[in-house]
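I have placed the structure first, in the form of C-alpha cells, so that the comments after it can refer back to it.
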Number of protein chains: 2
Amino acid sequence: MFTLPQKESGAPTTCLDPASTQGLGSNYGDGLGRDCARKPDQKLPKLYGVGDPIATFSSDSSHLSSRGRIIKWFWDSAEEGYRTYHMDEYDEDKNPNGIINLGTSENKLCFDLLCRRLSQNDMLQVEPSLLQYPDWRGHLFLREEVARFLSFYCKSPAPLNPENVVVLNGCASLFSALATVLCEVGEAFLIPAPYYGAITQHVYLYGNIRLVCVYLDSEVTDLDSHPFQLTVEKLEMALQGANSEGVKVKGLILINPQNPLGDIYSPEELQEYLEFAKRHELHVMVDEVYMLSVFEEFVGYRSVLSLERLPDPQRTHVMWAASKDFGMSGLRFGTLYTENRDVATAVASLCRYHGLSGLVQYQMAQLLRDHDWISQVYLPENHARLKAAHTYVSGELRDLGIPFLSRGAGFFIWVDLRKYLPEATFEEEMLLWRRFLDNKVLLSFGKAFECKEPGWFRLVFSDKAHRLHLGMQRVRRVLEGKSQMAEVPPSCQTQESRGQHS
Amino acid sequence: MFTLPQKESGAPTTCLDPASTQGLGSNYGDGLGRDCARKPDQKLPKLYGVGDPIATFSSDSSHLSSRGRIIKWFWDSAEEGYRTYHMDEYDEDKNPNGIINLGTSENKLCFDLLCRRLSQNDMLQVEPSLLQYPDWRGHLFLREEVARFLSFYCKSPAPLNPENVVVLNGCASLFSALATVLCEVGEAFLIPAPYYGAITQHVYLYGNIRLVCVYLDSEVTDLDSHPFQLTVEKLEMALQGANSEGVKVKGLILINPQNPLGDIYSPEELQEYLEFAKRHELHVMVDEVYMLSVFEEFVGYRSVLSLERLPDPQRTHVMWAASKDFGMSGLRFGTLYTENRDVATAVASLCRYHGLSGLVQYQMAQLLRDHDWISQVYLPENHARLKAAHTYVSGELRDLGIPFLSRGAGFFIWVDLRKYLPEATFEEEMLLWRRFLDNKVLLSFGKAFECKEPGWFRLVFSDKAHRLHLGMQRVRRVLEGKSQMAEVPPSCQTQESRGQHS
C-alpha cells in the first residue's frame, strides 16, 4: 500500500531493489526543466531511455558516493522526457515541428505584464546593504512586505508577523529544509496522492525522509462527494498502515489548490484535516503556491491563514512562492510562514544554502508591495487569460469525449485517458505518453504523481493560444489514431516508438 | 588529535557530549551575518551567552528533530557575537559608539564601483526565458561567461569548457552539495587548520560529513619554510591518524589564498598536495574565492586551473564565487569547475535547492564578460584600496609591537596576541575576544578557525579608513589596558564583562 524507499542505501546495489527506488520518483513530465525523474522499472529496463540502472549504480568510475549516485540518477532519469523536449523545443519561427510542452506547470500567459513591471525603474536598486551578507531569514524589508502581502491576499483575521516569515529560493528548498529539521532520517510525511511528484525528491535528496501516500480514488463512494476526495478516514487508514509497517510519520503535506487535481479544500475540510493532524501530533505543511491562480470566481478558495483558529499553530507551516502565482519559476522566491519560532529559526539556519540575492529580495519587495498593480492589473488579466485558455482546452476535451477534472484553479486539467489504454497498466500509460511525445506534445502521466489508477494525465493549459491549438491538435491526432494502434501488440509498439526517436 | 563530531546524534542528549559538538563549530566572529557559531564549552557553560545547551537539545517543545535542534543550535550559538553586533552596529552618524566589525570577511572598499557598474542600463534585463525554470546547472549563457572568465583570470593553459561549469547560490551551498555527492554519512574531508570555520557546518548540516584537521604550527621547524606551513608530511600524518581511528577520509579541502592565514601555495606546493591526494585517491576541493584579491604584485599567485597538468583531474574540483573578489557576498553567486561530469551532474541535481534567479544570472554574465571594467577599473582600484588599508593596519600592529602574518592576499591579517593571554588557554582567548567586543570592536578568535594555539586572531582590514581607524583605536585601547586587567582573576572579569552587556 505504501510506496517507500528503503531507509538508506548502504550499498549502491540496494538501489536496484524495486522497493528502494519505488516512491523515489518522479516528476516525469512535470515542471522544473530538468527537475523531473522516473523510476527504473524492472520489467521494462530498456524501454524508457533511462539507461541501465545497474550500470548507473554499480559503476565506480563516477567517484560518487552511493547517495551521490542516487542524486545523479534523478538527473539522468529525466532524460527521455525533458532532455528530448529541450533538444527539440517548439518555436513558432525556428522550430515549428518542435515539441509543445503541456507538461511543465508554468504560466506562460503573462510574461508581457511581468516583463513590463519588472523592467520599471523602481526595480534596479543597488546599495551596499543588498551586496553584503544578509539576515538569512531574508532582509527585514522583504519579510515585512511578505507579511503584509499574505495578510491581505490570504485574508488573515489579524495582521501576520514578519518575525514568522522566512524567505528562501523556492519551495523545493523549503520542502528540503522542513523535512530535515522536522524529521529524523527515514521518517515520513503523509501526502494525498496523486500529488506533485517532485516533492518526493525534495524531502529525500538531502533530508532522507519518505512520503506515505494517502491514495485517492476516482470512483465516488458513499463517503465521498467527488472523485479523488480526501477524507479523514483515508488519512487515518494511511497513518495506521504506516505505523503498522513501523514507519514513523511526522507530518502531513497538503497542497491547496491541489496539484494535479486542481481541487480546493473547503474551510470545513481544511479544519478536519488539521484536527486529524493535531490528534496525531503531526506537522502540517500547507503548500499554497497556486492560491492566487484561482481563476473561477465561484470557487470560494480560502487560505489556511484565513482561518479564525488553527488547531495546532505550532505545527502548521504555510508555504508560498512566486513561481506559480506570478509565473516566475526562474526568479527563485519562496517563503515559509510559521508561528513556530524554533522551526523558523532552524529553517533559517539552513537558508545559508537556500539564500537568494539581495537584489532579488529588493525586487520581490517592490512587486509584493504594489497592491495596485497586483489587484488591478495583474490578477484580473491573469485570471481572464487562464480562464480563456481553460475554456478552450476543456472544450476540446469535451469535443473528444474525454472525461476530466478541473475546478477553476491552477494551470492544469486532470484528464482521464483510461479508455485509451488497451490494458489498465502503467506500461500502457507510459506507451501512450511516449506516443504523445513522438507526436511532439509533452504531457505528464499519472504515475509521475503516484496516481494508483493507470491512464490519468495532467495537461497544462496556461500557455499561448497558438501553442495550445497546436498541442491539442497533436493530442487529438494521437487519441484518434489510438484506436487503430491498440490492436498492435505492445512489444511492436515499443520497437516502433523507439525507432521513431533514435 | 582530530576534532570530529559523532557520526549521528541518535538522541538529542548525545550532543551534550563534548566529542559530538567538538568540531561542529564554528565561524564565530567570521562573516555571514548570522553564519557563525561556537561550541558549547562544558567548562564555561554560562560564560559565552550560548544559553544552556542541555535545555536547547533536550527540549521537546520545539517540535524539531534531533538534527533540527543541532541546526537551530548553530543559529542560536551565533548570539553573542553577531547578534550583539547587529543590535549595535556602528554608524558614523546614527551610532558612532556602535560596534566596529573587523570580524566579517567582507570587502567594503569598493561598493561605489560596484553600485555604479551594477546600476548601469545593461544590468536589468527581463525576458521570459529568465523567468522560467532554468537549466539547474545554470543558464548556458552564464556558464559560457564563467568558463571564459576563469580561463582568462586563472590563466588556464587551454580554454575551459562551459560543460564543466555548475553555477549556484554561493560556495556554502557548493560545500554542502559536494560533501553529499562525494561522501557517505560520517565520512570525512581533510583540511589544514586554521581554516575558515564555517566549512564545518557547510559539510555537516545537510551532508553529515566531518572534517579532519591537519594542524599547522606557528613555530618554524627544519621542514617548514614559514609559520603554519602545510607539508605533505603533515597531510600524511593526519590521514594516517584518521584511518587509525576508523574514519574514512574521502577528500582534501585546500583554500588558496588561504583563509585565515593569507597564505598562497606555490605551484610546486600545490602540485605536491595534489599528488598526495592522488596517491590516496582523495578528491581535492580547491576553494579559490580570494584568487583576485591578491593585492601585492610580488605575490605570484597561481590558480590550480593554471597548472599544465592536474595529477587527478577527475577528482579535482575548483570553487570560485563573487562574494570576496567582487565584494558581493549578498549577491549569492558561486561556481564549480570540474572535469568530472558525474560530479557536475550530481551537484547540478542538488542545484534545485541552490538555484539563483535568472535575473541575477543575467547580471553576473554581464559583469563577468566586462573584462575592460574588471581589468582596468575594478581590480586596479580594488587592489590599491586593499593595499592602502593593509598598510595602515599592519603599521598600527607594528607600532603596537604585535607579530602578525600576512602575505598580500585576502582581506585579513592573522594576528598573534598570545602575549596578551595570562595563560595559553582558549578560555583566555575568549576573554580577550570578549574584551574587544565590550570595547565595541568585533574580531574573530583563532578557535573559530580550529587553530590549536590559543591567542591568534583574524583581523579584517578591508573596510573604510574611518572605521578602520576607530576600530584600531579600540583594539589598541584593549591591548594597552590589558596589562592592568591581566591581574584581575578571570571570574571577576567575566562578571564585569557580562555586566557591561546586559
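Summary of values
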| quantity | calculated |
| --- | --- |
| Per-residue average of Cβ from other chains inside 10 Å of B:173-185 | 5 |
| Under-5 Å amide H pairs with B:LEU190, H placed in peptide plane, nonlocal only | B:VAL212, B:LYS250, B:GLY251, B:LEU252, B:ILE253 |
| Protein accessible area in the range A:319-471, 1.4 Å probe - carbon and sulfur % | 51 |
| 3J(HN,Hα) from dihedral phi, the range B:456-468, Karplus parametrisation 6.51/-1.76/1.60, rounded to Hz, x for glycine, proline | 8, 9, 9, 10, 8, 10, 7, 9, 4, 4, 5, 6, 4 |
| Cβ-based charge dipole, the range A:114-374, positive-most Cα from A:ALA198, A:VAL304, A:GLY138 | A:GLY138 |
| Accessible area buried at the A-B interface, both sides summed, 1.4 Å probe (Å², nearest 100) | 7400 |
| Largest-first principal axis extents of the Cα set of the range A:199-316 (Å) | 44, 33, 28 |
| For the range A:114-374, size of Cβ-based charge dipole, Lys and Arg +1, Asp and Glu -1, in debye | 940 |
| Heavy-atom accessible area, 1.4 Å probe, ligands and nucleic acids excluded: residues of the range A:298-336 down by at least 50 Å² from chain alone | A:GLY330, A:ARG332 |
| Occluded residues from the range A:340-355, i.e. those whose accessible area drops by 40 Å² or more once the chain is not alone (1.4 Å probe) | A:ASP342, A:THR345, A:SER349, A:LEU350, A:ARG352, A:TYR353 |
| Reduction of at least 40 Å² in accessible surface, 1.4 Å probe, comparing all protein chains with the chain by itself, residues of the range A:65-89 | A:SER65, A:ARG67, A:ILE71, A:LYS72, A:TRP75 |
| Average Cα contact separation per residue, the range B:127-371, under 8 Å, 6 or more apart, as relative contact order % | 28 |
| P(r) of the range B:86-183 over all Cα-Cα pairs, binned every 5 Å from zero, in whole percent | 2, 9, 10, 13, 18, 17, 12, 9, 8, 3, 0 |
| Shape call, the range A:292-386: gyration tensor on alpha carbons, a/c limit 1.5 | oblate |
| Cross-link pairs beyond the 30 Å C-alpha cut-off, checked among A:LYS250/B:LYS452; A:LYS387/A:LYS419; B:LYS234/B:LYS447; A:LYS108/A:LYS248; A:LYS72/A:LYS248; A:LYS108/B:LYS324 | A:LYS250/B:LYS452; A:LYS108/A:LYS248; A:LYS108/B:LYS324 |
| Cα centre as origin, Lys/Arg/Asp/Glu Cβ charges: the range A:308-465 dipole, Debye | 200 |
| Estimated distance in nm for a label pair at A:ASP224 and A:CYS115, the labels positioned 7 Å out from Cα along Cα-to-Cβ | 4.3 |
| Inter-chain Cβ neighbour average for residues B:136-147, partner chain, 10 Å | 1 |
| Gyration tensor verdict on the range B:439-483 (Cα atoms; rounded if a/c is under 1.5, prolate if a/b is larger than b/c, oblate otherwise) | oblate |
| Karplus-derived 3J(HN,Hα), 6.51/-1.76/1.60, for each residue of the range A:255-263, Hz, glycine and proline x | 10, 9, x, 7, 10, x, 6, x, 5 |
| Per residue value of the accessible surface for the range B:127-371 (all protein chains in place, 1.4 Å probe), Å² | 27 |
| Environment charge at B:HIS466 (Cβ cut-off 12 Å; Lys +1, Arg +1, Asp -1, Glu -1) | -1 |
| Built amide H within the under 5 Å cut-off of A:CYS451, gap 5+ | A:TYR195 |
| Cβ-based net charge around A:ASP312, under 14 Å, with every Lys or Arg adding one and every Asp or Glu removing one | +1 |
| Shape category assigned to the range A:349-457 from the gyration tensor of Cα positions, a/c cut at 1.5 | oblate |
| Local electrostatic count at B:CYS154 - Lys and Arg +1, Asp and Glu -1, tallied over other residues with Cβ under 10 Å | +1 |
| Descending semi-axes in whole angstrom, ellipsoid equivalent of the range B:127-371, from the Cα gyration tensor | 30, 21, 15 |
| For A:GLN229, distant residues with modelled amide H under 5 Å away | A:ASP217 |
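The values are calculated or read from the model by the stated rules, or taken from the named source; none is laboratory data. Here the structure is a predicted model, which is why all the values come from computation and not from measurement. Please note: Cβ atoms are built from the backbone with ideal geometry, for glycine as well, and neighbour counts cover all protein chains shown. What goes into the accessible areas is simple: the full protein's heavy atoms, side chains included, and nothing from ligands, DNA or RNA. Shrake-Rupley method; radii C 1.70, N 1.55, O 1.52, S 1.80 Å.
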